[in-house]
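Please treat every number below as a calculation from the coordinates, not as lab data. In this text, all values refer to a predicted model and were calculated from it rather than measured experimentally. Neighbour counts run over all protein chains shown; Cβ positions are idealised from the backbone, glycine included.
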2 protein chains.
Amino acid sequence: MLLMCGLLSLLITPEAHMIIERPTRQSPDDYRNQRALLTRQEADQAFGSSILLTANETIVNKQLRKLKINELAKGYFNPYSFSPARHFFEVLDEINASPLFEFIRAMPKGAVLHAHDTALASTEVIVNATYFPDLWQRGNFTDGHDPEFLFSRAKPTTGGAGWEPVSTVRNRTGADRYDEQIRRLFSLFDEDPLHAYRSINDVWNRFSRIFLALDPIVTYKPVWEYYFREALREFYEDNVMYLEFRGLLPSLYDLDGNTYKPEEVVEIYRTITDEFKATHPGFAGTKFIYAPIRNADDQTLDQYLKLAERLHRQYGDYVVGFDLVGQEDGSRTLLSMVPKLLNLPDSINFVFHAGETNWQGMPSDENLFDAVMLGTKRIGHGYALLKHPVLLKMVKERDICVEINPVSNQVLKLVADYRNHPAAILFTSNFPLVVSSDDPSFWCAAPLSHDFYMAFLGMTGADQDLRVLKQLALNSLRYSLMNEQDKRVAEAIFDHSWNDFINAKVAQILASKRNEV
Amino acid sequence: MLLMCGLLSLLITPEAHMIIERPTRQSPDDYRNQRALLTRQEADQAFGSSILLTANETIVNKQLRKLKINELAKGYFNPYSFSPARHFFEVLDEINASPLFEFIRAMPKGAVLHAHDTALASTEVIVNATYFPDLWQRGNFTDGHDPEFLFSRAKPTTGGAGWEPVSTVRNRTGADRYDEQIRRLFSLFDEDPLHAYRSINDVWNRFSRIFLALDPIVTYKPVWEYYFREALREFYEDNVMYLEFRGLLPSLYDLDGNTYKPEEVVEIYRTITDEFKATHPGFAGTKFIYAPIRNADDQTLDQYLKLAERLHRQYGDYVVGFDLVGQEDGSRTLLSMVPKLLNLPDSINFVFHAGETNWQGMPSDENLFDAVMLGTKRIGHGYALLKHPVLLKMVKERDICVEINPVSNQVLKLVADYRNHPAAILFTSNFPLVVSSDDPSFWCAAPLSHDFYMAFLGMTGADQDLRVLKQLALNSLRYSLMNEQDKRVAEAIFDHSWNDFINAKVAQILASKRNEV
């Protein structure tokens, strides 16, 4: 029982001044034993501590611990060299060259439960999309405005004059230079991020601009399909086996003037997922969370909710949840929508973004109360949760999973040093957490590995090890919205990939030891 | 009982998946009532919530809340304008012009329990000290080395040639320019702090250089006395009524070749304090914590401990505690000193610095275990405490006060945005906290007001109010090491100043309302 008691259960105790007995009569040996007991107690309640490692896992763990301690020791004496203390954009190359990162990348990581549909695939996929025929452009990259794009058989007439085929602009500019401009436009990457983005609002503004410029490229049906297929490939290659992603279900278009409504977009997702599963062993599929924009007026919101009900009835096995997206600070609150949300059928799962903010006590922060009270199954971000002791208790009791997105939170200016991320405190207890990647495309991150790296190196203690990583992977399946049967299948797939990974690692370690001898 | 239960007492509950009942059958009114209950529960367990405000305090609180909400609302829509989200050096002028800061500055704040003797007084006091006669200088401010200083009747012979009277250098340089160089040398202030200090080590290095250059100026007995007297004046003017400060007790010198040993330094502190008390009504005095450098070899440490015992026997009513100072990362650990520390008499109070680090699981972080096990009465900083759930529980149970130093922690690169300071989470519960200032001189901060400002605006919620500030002041007396009798006297003095402050504020508010009518 002692091992299960948590950080601040302390507050249950009375406030009386207790007499502090100094252990002066203790021998140094007794002292060390007592101390070992305390450190053991903390280790035994940490995230992942209930996992018992097999003999082979223990061998692999030894290697992993060495990789972690190497990076910690380097940082301890030269803190500026420690990646989690720096901005992600400044250290991306260093991370990609890190043996710890390589380990994490190769490791089966389970599922991504928090990511947005048009920020899944790498920038290269977007660059490739701009090579699709019939893409037009208006405006260039250099002035204050971003260029506009549109797929069209003939020169577009919307928005006025100035449209040129992208192929023409690319030829004139030089393909390398043009593609580099595309990469710049569609990511937040900047060499001097601390000056480029001074506050969360700067990033959200840039963010909205990316979505706006990207929209007419990706909502072109052939690109939409290509993009999603490529995204699945990249997630799969990053050793992610299942994806539960959020999207707005925008209307798609093609060259013949057809538009495709939300139901058809869902069908596309399902079809491509099935095709991908059939050709990629060990991939367990995708599910969709319908997540329209939170900053909607009542009438628009009603339309969203009607669509949510329709999708739930028609595609309940695939459209598994409802959420609302967009910056919480300064936007419409969950509270203001409560009467409408209460009217939705119980069987629609809520998986609300809530508390993606640092403004304690302000309206965005209070979304956490409503997410929990409305019975959310998981919380997106929940960055502010630790500042709400009563809610935190409810979240643990109700086993509501918190979807942590480390890199996203840093890029969006909630925290500078991952060691100060509130989830670092949650990792000291066996809290229902998963690590996810939110919009990996926009910060040039891998589908999941960079977030795992930052969580593991920056947000857990020196002694936390393979058990943390395995627990994160297991949680990502446990807290998914798959039905129980699919979940069992996915867990079996994971066990298999995991054991393959461990066995291959052990073989590699033993081989290199043999070479040493 | 519910109101007393804390952040993570949740971990006591079993892990089983509970069924989440969505309150669909609730009317929006019932929902709002339930929600109000939850927000109320959180408010009722927050820091300061047990204080009941008088009618007059309530009037003043209304004004204070308005001042706080004004700054929060401005920041909510323009986060870059929010001081606690920025580096202290960038926003110092803005804070000094803030009406909220003005309120805090005028308010009786109780005691400072964590500050270091040669970083108490403002840079202006150091500038004045360089006007004392017989001060010599070697080297200038422009090359890589800092200049050296020494008081001496004749030209010093130590360290080689190049000594000149400071008055000569000042005349040659121009007094304004010279004094500005002195200000630069003896503070960490920099217009571009994010580039000047890239990591905690950069700051600690600069820090050590300041101490080194400052030492021969302040250890000149007439300056030492002047400096301490001026420090008391500045603390008093910042509405601090009592000071429990740490120091190394270096040997002092004078022009006649005399040196003054630690006992004599203690006598100086006592004498000046008594003089100051006699002439400054409402000032309750000072006490001293002997705190030598932690990075000492065994032999040196033995000397420190012998001195600690001697001072305890001889000046037990004034030298009230023992601590060790210096950067914890990479330095000698408390654990390595345990056998020696266990041998000290029980009656010497430990008030250890511990966990002033972001390196979870590294040796500096583990100092927290030893501080608590050795029976420390307070913890200096305890920045890493929240990552130690078992220790956190012990700290609360044993009512060990945590001395938070917000500005120090930011300047020393532990945290960039005060809202991510771990104490922001402790403030959501009634945890034994005090706010202090560490080395206000080196960052051009007021003796205590800037730290109160950052704690109040950056580390507590929008709804936390005058009760937080009053609780901090009350705690600073409660957790001091004064004997019970002195404590009662100090508390009575505080009550008096507090009521004067409240009554004056109420009169002011009523007068301005009358003017409006």
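Points worth noting:
- The percentage of C-alpha pairs in segment B:54-142 whose separation is greater than 17 Å is 70%.
- Spatial separation of Cα centroids for segment B:246-314 and segment B:209-235, in angstrom: 13 Å
- The fraction of all Cα pairs in the protein assembly as shown landing in successive 20 Å bins from 0 to the largest distance is 12, 41, 33, 13, 1, given as whole percents.
- Bridge type composition, chain B - antiparallel percent by DSSP, nearest 5: 25 percent
- The mean sequence separation of alpha-carbon pairs under 8 Å and at least six residues apart, normalised by the residue count of segment A:255-413, gives a relative contact order of 16 percent.
- Mean separation of Cα contacts under 8 Å, 6 or more apart, over the residue count of chain B: relative contact order %: 22 percent
- Which of A:444, B:401 has the fewest Cβ neighbours within 10 Å, and the rest in rising order: A:444, B:401
- Given A:393/B:68; B:62/B:470; A:66/A:513; A:68/A:413, the pairs whose alpha carbons are separated by over 18 Å: A:393/B:68; A:68/A:413
- Exposure proxy order (Cβ contacts within 10 Å, fewest to most) of A:116, B:450: A:116, B:450
- Span from the segment A:66-85 Cα centroid across to the segment A:150-205 one, whole angstrom: 37 Å
- Computed from label points 7 Å out along Cα-Cβ, the spacing between residue B:142 and residue B:258 is 4.1 nm.
- Tilt relative to chain A, helix A:466-478 - C-alpha long axis, 0 to 90 degrees, to 10: 50 degrees
- In angstrom, the C-alpha Rg and Dmax of segment A:281-343 are 13.7, 45.
- The relative contact order of segment B:121-263, computed from alpha carbon pairs under 8 Å that lie at least 6 residues apart in sequence, is 27 percent.
- For residue B:275, net neighbour charge (Lys/Arg +1, Asp/Glu -1) across residues whose Cβ lies under 15 Å away: 0
- Ranking of B:142, B:168 by neighbouring Cβ atoms within 10 Å, starting from the fewest: B:142, B:168.
- R0 of 30 Å, Cβ-Cβ distance residue B:267-residue B:93: FRET efficiency to nearest 0.05: 0.15
- Surface/4 of the Cα convex hull for chain A, nm²: 29.4 nm²
- Take every DSSP beta bridge whose two residues both sit in the protein assembly as shown; close to 25 percent of them are antiparallel.
- Rounded Å value of the spacing that divides the Cα centres of segment A:395-460 and segment A:468-483: 14 Å
- Per-residue shielding of B:392-400, expressed as the average number of other chain Cβ atoms within 10 Å of the residue Cβ, stands at 6.
- Taking the three principal axes of the alpha carbon atoms in segment A:124-280, the coordinate ranges are 45, 43, 28 Å, sorted in descending order.
- Segment B:436-517: translational diffusion in µm²/s, Stokes-Einstein, Kirkwood Rh over Cα pairs, 10 °C, 1.306 mPa s: 105 µm²/s
- Using a 7 Å Cα-to-Cβ projection, residue B:36 label spacings across copies, nm, ascending: 5.7
- Axis angle, to the nearest 10 degrees, between helix B:484-516 and the longest C-alpha principal axis of chain B: 70 degrees.
- For residue A:194, the label point sits 7 Å beyond Cα toward Cβ; its separations from the matching points on the remaining copies run 0.7 nm, from shortest to longest.
- Principal-axis analysis of the Cα atoms of chain A puts helix A:363-373 at an angle of about 70° to the longest axis.
- Hypothetical label at residue B:485: residues of segment B:92-134 whose amide nitrogen lies under 14 Å (7 Å Cα-Cβ projection): none
- At 7 Å out from Cα toward Cβ: residue B:222 inter-copy label distances (nm, ascending): 9.0
- Neighbourhood charge, 13 Å Cβ-Cβ cut-off, centred on residue B:52 and excluding it, Lys, Arg +1 and Asp, Glu -1: -1
- With a 10 Å cut-off around each Cβ of A:336-346, the average count of Cβ atoms from other chains is 3.
- Lysines with Cα under 28 Å of residue A:155, excluding same-chain neighbours fewer than 8 positions away: A:221, A:261
- Average beta carbon contacts from partner chains per residue of A:353-361, 10 Å cutoff: 5
- Convex hull volume per residue for segment A:128-215, taking Cα atoms only, in Å³: 105 Å³
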